[in-house]
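The values are calculated or read from the model by the stated rules, or taken from the named source; none is laboratory data. None of these values were measured; they are calculated from a predicted model. Counting neighbours? That spans all protein chains shown, and the Cβs are built from the backbone with ideal geometry, glycine included.
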Amino acid sequence: MGKRIGMEVGIAAAEAVALCNIDVAAVYPITPQSHIAEHMADIIHDGRIDAEFITVESEHSSISACAGASATGARVYTATSSQGLMLMHEILPIVSAMRLPVVMGNANRAVSGPLNIWNDHGDIMPQRDSGWICLFTENGQEVIDLSIMAFKIAEDPEVMLPTVVNIDGFQLTHMIEPLEFPTQAQVNKFLPDRKPYATLHPDNPMTMGCFNMPDIFTETMKAKDTALWNSKKTIVKVFNEWGRQFGRKYNVVETYKAKDAETLILTMGSMGETASIAVDEMRKAGRKVGLVKLRLWRPFPVEELRAAIKGCKTLIVMDRAISFGGAGGPVATEIKSFLFHDKGRPRIVDFLMGLGGRDVTVGDFIAMVERAKNKKDETYEYYGVRE
Amino acid sequence: MNTVQNFEIFAPKLVDRKEYFSAGHRACQGCGEVLALRLLLKGLGDDVVVANATGCMEIISSAYPQTAWLHPYIHVAFENAAAVGSGVEAGLKALRRKGKIADRDVKTIAIAGDGGTADIGLQALSGAMERGHDMIFFCLDNEAYMNTGIQRSSATPFMAATTTSPAGEAIPGQRTGKKNVPEIMVAHKVPYVATACPSYPIDLINKVKKAKAVKGPAYIHIFSMCPTGWRCASEITIKLGRLVVETGVFPLYEVENGKYRLTMEVPEKLRPVGDYLKPQGRFRHLTPSNIETIQERVNREWEILMNKIECMQPW
Ligand SMILES: Cc1ncc(C[n+]2csc(CCOP(=O)(O)OP(=O)(O)O)c2C)c(N)n1
Ligand code: SF4
Ligand SMILES: [Mg+2]
């Protein structure tokens, strides 16, 4: 194991990206992503890496500039949060359709209104159908590791898709944690220069961004969908390669004491650590409770999830975003539709909680497991809400 | 106003014969915007990357799997040509510095219509110009959102009829005057700002060459006649482009480091605006008194420009 140092996770995200030999960063500040933007500026202004830093006037322009830069063949990074991600919304599916491997860090934050700067997943869920690879992180070390892996995944010739690494705002971005960084030499070995499929250069002129008539649009959409599904192979390959080189093995679906569990809690992002403590306590009390964590949200790891929940009777999904007037939280809704035909599937309980920065404690997880026992139907429910 | 007399004799020497925008595109007959595009590309020559906004010029040129563009070209969306161009410029700069692409100058240009420039694209344009990217931004101004069906923009002239500023009984067309984007660009301290019109091809090409030579941002606002949107005959496009200049409605000038200079002959007396307005269906509803009001506004704008030419000092 390398040397561990104490560092704020947002700053560590920028440091990890700095190891990746990026060519261009276009970042617009927003709480709680700002420390990533500021530290990125420090690194580039101090000449520690050779990259262009575009101080864009909005997130719409940061993602647009990333698209332009990526199209020249550059390795490109941006980071945002909440309103910034919402402002990018229009451009996200264009970046994926153009198969531009932009990497983005998203410091997850609630979406207005009312304005709230704290953590939930209300910003990333509306981007669900944008065609980006979407990863979640649980702690600072994962932020470092996945930020580096994201470039390798995104730029793989079999993938060529933009990738977003979700980092829970404050709960993760502003924590100071003991972290281990790979060396520059190790990253160089793991992540060689980008080899773009097509670039904007007069030596080989190319038209990018043609419009599609009805006779071809459906085919283009299917090709993008297929590309996103196919990316899982590469994601797993890159996770394995990282494991071999750095000793930290990642899976698209992580489990904790899940094997014999009758009740499984399902989380995404930083909640996983608290949930695992709750699982330990319930196990001590003789309860067969375990934990499943979705690391990969798009493409959805359906087979891996099936394997992880096999045999469990109740699956409690922790949704940190709302689909107003809809079937429930986006995560539970997705899982329900995948498992709809599965014989002997678990009962799926959907809690909407941890919204706008409300803490979800060990006690809350235990209380939700209790509540799930008595809940008869599968409709969603707000947990811990004051009536 | 004899800028292009004997064009047939001199043009081959002055104008690049090479075409950078191929024939067979889908622009309307008599389209002034695509002529502006063809000429500006001739002015630029080789070693250019284009970032284009959604709009007529995008739609007529790039129906998959065909393209009219001989330069490397990217289109992302409507309002972000300047931002995409910023990224292209930054990407090429970094890659060149790091030895990943050929070590030679490649100019990034961004192109948008008046909607993509003066309205929805203004923020991205302001940001890009303020940051000082080595990029020329071209506004192809046909004075409305033509691609989507002739809706008004902030560049639509006073009283012109469009589909969202119709000549109604109560409100006779566009209620506001034309937004002055070149002036906004001068306020950004853009080192080279110019207006141009494809009816004056040599002037247009010269300005493009000047803009290309600038190491940094440049802005050229090109008046682009649109017979379809202006409801006029397609064969009078070039004539309209002359008339708009001769009447002083759209003067040709350039601003180098803050110093204004007229690039057209200074007329003894401007032609009456009616000469320019009357052939166009979008002004058909105007009464003689309306035309008088417009004449007064044009006179005033002309005076303001002459004042700038006289008074403004280079930075
Ligand atoms: C965000 C967004 N809003 C609206 C549109 C619809 N739209 C496409 S092109 C266009 C007008 C283009 O006008 P202009 O920039 O003047 O170019 P022209 O077609 O006149 O050359 C509009 C409104 C769009 N594509 N994107
Ligand atoms: S609508 Fe006007 S600008 Fe558009 S292609 Fe036709 S003539 Fe040209
Ligand atoms: Mg227009």
* **Unmet criterion (only one of (1) more than 14 Å from every other protein chain (Cβ to nearest Cβ); (2) surrounded by fewer than 21 Cβ atoms within 10 Å (Cβ to Cβ)) for A:LEU291** => (2)
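Please pick out the residue among A:ALA16, A:ALA65, A:ALA97, A:ALA79 that is at pLDDT 95 or above, more than 15 Å from A:ARG194 (Cβ to Cβ) and in contact with a Phe, Trp or Tyr (Cβ under 8 Å, 6 or more places away or on another chain). So that I can check it myself, show each step before the final result.
Values: A:ALA65 fails: in contact with a Phe, Trp or Tyr (Cβ under 8 Å, 6 or more places away or on another chain); A:ALA97 fails: in contact with a Phe, Trp or Tyr (Cβ under 8 Å, 6 or more places away or on another chain); A:ALA79 fails: in contact with a Phe, Trp or Tyr (Cβ under 8 Å, 6 or more places away or on another chain).
Of the residues listed, the single one that is at pLDDT 95 or above, more than 15 Å from A:ARG194 (Cβ to Cβ) and in contact with a Phe, Trp or Tyr (Cβ under 8 Å, 6 or more places away or on another chain) is A:ALA16.
For the range B:43-150, please list each of the strands (runs of 3 or more DSSP E) lying entirely inside it that holds at least 2 residues being more than 8 Å from ligand 1 (Cβ to nearest atom), more than 9 Å from chain A (Cβ to nearest Cβ) and in contact (Cβ under 8 Å) with a residue 60 or more places away in the chain.
Details: elements: B:48-52, B:73-75, B:107-113, B:135-141.
So the answer is B:107-113, B:135-141.
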* Asked: So, of the residues in the range A:49-69 that are more than 7 Å from every other protein chain (Cβ to nearest Cβ) and of a type outside the set (Asp, Glu), which turns out to be nearest to A:VAL17 (Cα to Cα)?
  -> A:ILE49
* To do: Give the residues of the range A:258-295 that are over 25 Å from A:PRO330 (Cα atoms) and not in a helix (DSSP H, G or I), sorted by residue number.
  => A:LYS259, A:ASP260, A:ALA285, A:GLY286, A:ARG287, A:LYS288
* To do: Provide a single number: the residues in the range A:158-197 that are part of a strand (DSSP E or B) and either over 28 Å from A:ALA67 (Cα atoms) or acidic (Asp, Glu) (or both).
  => 6
* To do: Go through the range A:284-318 and give me each residue that's charged (D, E, K, R) and in contact with a Pro (Cβ under 7 Å, 6 or more places away or on another chain).
  => A:LYS313
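Does B:THR164 satisfy the condition of being within 29 Å of A:TYR28 (Cβ to Cβ), within 16 Å of ligand 2 (Cβ to nearest atom) and more than 14 Å from the chain's Cα centre (by Cα)?
Details: within 29 Å of A:TYR28 (Cβ to Cβ): no; within 16 Å of ligand 2 (Cβ to nearest atom): yes; more than 14 Å from the chain's Cα centre (by Cα): yes.
Criteria not met by B:THR164.
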* What strands (runs of 3 or more DSSP E), lying completely within the range B:204-315, carry at least 3 residues that are crowded, with 16+ Cβ neighbours inside 10 Å? -> B:218-223, B:253-256
* Breaking point among (1) within 14 Å of chain B (Cβ to nearest Cβ); (2) under 18 Å from the mean Cα position of the chain (by Cα); (3) basic (Lys, Arg), for A:ARG128 -> (1)
* Asked: Looking at the range A:344-387, which of its residues are more than 23 Å from the chain's Cα centre (by Cα), at positive phi and in contact (Cβ under 8 Å) with a residue 12 or more places away in the chain?
  -> A:GLY384
* To do: Provide a single number: the residues in the range A:355-383 that are in contact with a Gly (Cβ under 9 Å, 6 or more places away or on another chain) and closer than 19 Å to A:THR274 by Cα.
  => 9
* Candidate set: the range A:321-365, residues that are β-branched (Val, Ile, Thr) and in contact with a strand residue (DSSP E or B) (Cβ under 7 Å, 6 or more places away or on another chain); chosen: the one nearest to A:GLU304 (Cα to Cα) -> A:ILE335
* Within the bounds of the range B:22-39, is there any residue that is farther than 22 Å from B:LEU240 by Cα, touching a helix residue (DSSP H, G or I) at 6+ places or on another chain (Cβ under 9 Å) and away from ligand 2 (no atom under 16 Å from the Cβ)? -> no
* To do: Kindly provide the set of residues from the range A:201-222 that are more than 7 Å from every other protein chain (Cβ to nearest Cβ) and either part of a helix (DSSP H, G or I) or more than 21 Å from B:ASN52 (Cα to Cα) (or both), ordered by number.
  => A:PRO214, A:ASP215, A:PHE217, A:THR218, A:GLU219, A:THR220, A:MET221, A:LYS222
